[in-house]
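The values are calculated or read from the model by the stated rules, or taken from the named source; none is laboratory data. Given the structure is predicted, the values throughout are model-derived calculations rather than measurements. Cβ coordinates were reconstructed from backbone atoms using ideal geometry, including for glycine residues, and neighbour counts include every protein chain displayed. Protein only, heavy atoms only, side chains kept; ligands, DNA and RNA dropped before computing areas. Shrake-Rupley method; radii C 1.70, N 1.55, O 1.52, S 1.80 Å.
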There are 2 protein chains.
Amino acid sequence: MTQSREIHLRSRPQGLPVPENFELVDVVVAQPGPGQAQVRNLWMTVDPYMRGRMNDVKSYTPPFQIGHPLDGGAVGEVIASNDPTLHVGDLVKSNLGWREVFNAPASGLEKLIAPDLPPEAFLSVAGMPGLTAYAGLLRVAALKPGDVVFVSGAAGAVGSMVCQIAKLRGHKVVASAGGPEKVRFLQDLGVDVAIDYKAAPDLTAAVLAAVPEGIDVYFDNVGGDHLQAAIAAARPRARFAMCGMISMYNATAPTPGPSNLAGIITKSLRLEGFIVNDHADLAPEFYRALMGWRTEGRLQWKETIRHGLESAPDAFIGLFRGENLGKMLVKIA
Amino acid sequence: MTQSREIHLRSRPQGLPVPENFELVDVVVAQPGPGQAQVRNLWMTVDPYMRGRMNDVKSYTPPFQIGHPLDGGAVGEVIASNDPTLHVGDLVKSNLGWREVFNAPASGLEKLIAPDLPPEAFLSVAGMPGLTAYAGLLRVAALKPGDVVFVSGAAGAVGSMVCQIAKLRGHKVVASAGGPEKVRFLQDLGVDVAIDYKAAPDLTAAVLAAVPEGIDVYFDNVGGDHLQAAIAAARPRARFAMCGMISMYNATAPTPGPSNLAGIITKSLRLEGFIVNDHADLAPEFYRALMGWRTEGRLQWKETIRHGLESAPDAFIGLFRGENLGKMLVKIA
């Protein structure tokens, strides 16, 4: 019997989530049953997509249930095992974040072999955000030589990786984020033009000033005005990888879309939404590329870390306030 | 020397075009020079895309110039020739509509070989609108077996062809148009559900009632509420062929787009704008298919005909009032 704590969904957020939507619950975890291991989470991730799961609507993942623990990516250490494939001390990745200790079938735990990366990297640069960037830029947007790339939400976990992959491949990159600290991070990443959208009175004008020649690829993490600006700046046959629309996730009333969608037709644009799970086949290729860049010292990433499971709701809410530089993570133990 | 008349752009429309934006001008056409033929137009087409060319903005085709004749698809008869490849009486297709008689290099005229079709069909079912439907549905939207198809502007030249191609290939088709006469036409074409959008208080609800299972392909001629409804009704990985947004073309102020664009991400949708000129390579294949359907008696098309060059502005304006059933054409001679 082990003491643990979990974060439950107490109520569905209306608009921006508030701490009262969450509840920290004490639980007791039994010994692991046959075929199970017991894991103590070391790190968990909070991601913008989780906001959608807090609404009671069908999407590509089922909604969270009120009164039940939330879930999401986590990395932990095996502290007891009732399965021959896992041993005490093994590091494992799971989708059972938002809790301290849990039992799970060994078959549902991914053992980490991480010679050169800290375990939390498997929740950021070497995990879902990294693969999202790789698949979105190279497969969905079909990046090709000479393309000019525009990235929104560029200082986040996904966006900062998109910027780096595009620069590593020799592309001109325009990136937007909110505030001077994030702009400096983007400049450190080597982007050609970093736009502070909070300081830009007219985002479309700012993008067009940065790249008068126009853009060929847009990687969208934001939606709204950023999508409008990307359509305005797009060259004919530009491809948009539609990854996220964080500007929309907390809307409490229908928020109209861009007024220039006719540009999709007049410029023969392609807008394609995607979900990283559909591109899992690229994971080995991505991981090889990542290790190569890492070995060459050409890869940077940032993490914004909150401490203790009890800080997870604030970490999550902070995503929508732009409080994260790079990946927002919670260090649980 | 031959007397002729042309329609010039007198002023750029603000919103819905009015007759005063156009001017009927008397001109004299000289004898055709070396390598030229002289053509008397029999038919010309008016198309929604021409509205965009009346604005002074760069697009995939250059804007019309004030004080100059408009242009667009036309079919005419050679009445004099100064080139060995064309003879008096030949039927030719050109982009020199909006005028009665003109001289042009023979190399810029496409001689029609039309054993089984009236010449005006090369401006509708066998011309640009037909190829637009074919390329948009089969290549851009990548129609595949089992797909449920939603078509807006379905009683127009392009839309009615999309409906028929989809039905000929065995698909379930939901089609929308405005008014009972158009709905009857769609029913004659064999669509599974015809929606009169003017009589539907909630278009999204109407589409979802017609196809509770959702749609896999959307062929957009309208934009606006229709696009919103299509996103709402889309199944995961649906493909949208973005062909036109007639609901937007006369907007005098920015018109916001759909409020549910986040569905592009949550459903992994692909929205792709296209221009028929980029799919000219499909013309031979399309034409063979068309002749096959024609021979089997499985093809219908409608035309709404206005008479005399002087009626061309009204015919054009009528497109935006929904006055056409099938292709809007002007019979010039």
Selection count, region B:247-282, where residues are within 22 Å of B:Ala154 (Cβ to Cβ), at the interface with chain A (Cβ under 7 Å from one of its Cβ atoms), touching a helix residue (DSSP H, G or I) at 6+ places or on another chain (Cβ under 7 Å) and not in a loop (DSSP other than H, G, I, E, B): 3
Complete set of residues in region A:225-246 that are surrounded by fewer than 21 Cβ atoms within 10 Å (Cβ to Cβ) and at the interface with chain B (Cβ under 9 Å from one of its Cβ atoms): A:Pro236, A:Arg237
Region A:28-75, residues that are under 22 Å from A:Ser107 (Cα atoms) and charged (D, E, K, R): A:Arg40, A:Asp71
Breaking point among (1) within 18 Å of B:Arg5 (Cβ to Cβ); (2) open to solvent by 50 Å² or more (accessible area, probe 1.4 Å); (3) without any contact (Cβ under 8 Å) to a residue 60 or more places away in the chain, for B:Pro19: (3)
Which numbered condition A:Ile113 misses (of (1) assigned by TED's automatic domain parsing to the domain that holds A:Leu189; (2) more than 30 Å from A:Ala238 (Cα to Cα)): (1)
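Conditions tested, residue by residue: (1) over 19 Å from A:Arg235 (Cβ atoms); (2) in contact with a Leu (Cβ under 8 Å, 6 or more places away or on another chain); (3) among the aliphatic types (A, V, I, L, M).
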| residue | (1), (2), (3) |
| --- | --- |
| A:Pro180 | yes, no, no |
| A:Leu189 | yes, no, yes |
| A:Ala194 | yes, yes, yes |
| A:Asp216 | no, no, no |
Hits in region B:214-224 (condition: acidic (Asp, Glu) and open to solvent by 10 Å² or more (accessible area, probe 1.4 Å)): B:Asp216
Filter result (within 14 Å of another protein chain (Cβ to nearest Cβ) and within 20 Å of B:Lys93 (Cβ to Cβ)) within region B:61-78: B:Thr61
Odd one out for A:Val57 among (1) modelled with pLDDT of 95 or more; (2) surrounded by fewer than 23 Cβ atoms within 10 Å (Cβ to Cβ); (3) β-branched (Val, Ile, Thr): (1)
Candidate set: region B:31-42, residues that are part of a strand (DSSP E or B) and open to solvent by less than 20 Å² (accessible area, probe 1.4 Å); chosen: the one nearest to B:Gly156 (Cα to Cα): B:Asn41
Strands (runs of 3 or more DSSP E) contained entirely in region A:60-137, each with at least 3 residues that are more than 25 Å from A:Leu290 (Cβ to Cβ) and in contact (Cβ under 8 Å) with a residue 40 or more places away in the chain: A:74-81, A:101-105
Flag if A:Leu329 is more than 14 Å from chain B (Cβ to nearest Cβ), touching a helix residue (DSSP H, G or I) at 6+ places or on another chain (Cβ under 7 Å) and among the aliphatic types (A, V, I, L, M): yes
Checklist (1) in a loop (DSSP other than H, G, I, E, B); (2) in contact with a helix residue (DSSP H, G or I) (Cβ under 7 Å, 6 or more places away or on another chain); (3) open to solvent by 10 Å² or more (accessible area, probe 1.4 Å) applied to B:Gly52, failing item: (1)
Any hit, region B:158-173, residues being in contact with a Pro (Cβ under 8 Å, 6 or more places away or on another chain) and touching a residue at least 60 places away in the same chain (Cβ under 8 Å): yes
Qualifying residues in region A:202-224 (those that are farther than 18 Å from B:Glu272 by Cα, touching a residue at least 60 places away in the same chain (Cβ under 8 Å) and out of contact with any helix residue (DSSP H, G or I) (no Cβ under 8 Å at 6 or more places or on another chain)) - the one farthest from the other protein chains (Cβ to nearest Cβ): A:Glu213
Residue within region A:296-311 that is surrounded by 19 or more Cβ atoms within 10 Å (Cβ to Cβ), in a loop (DSSP other than H, G, I, E, B), modelled with pLDDT under 95 and over 14 Å from the mean Cα position of the chain (by Cα) present: yes
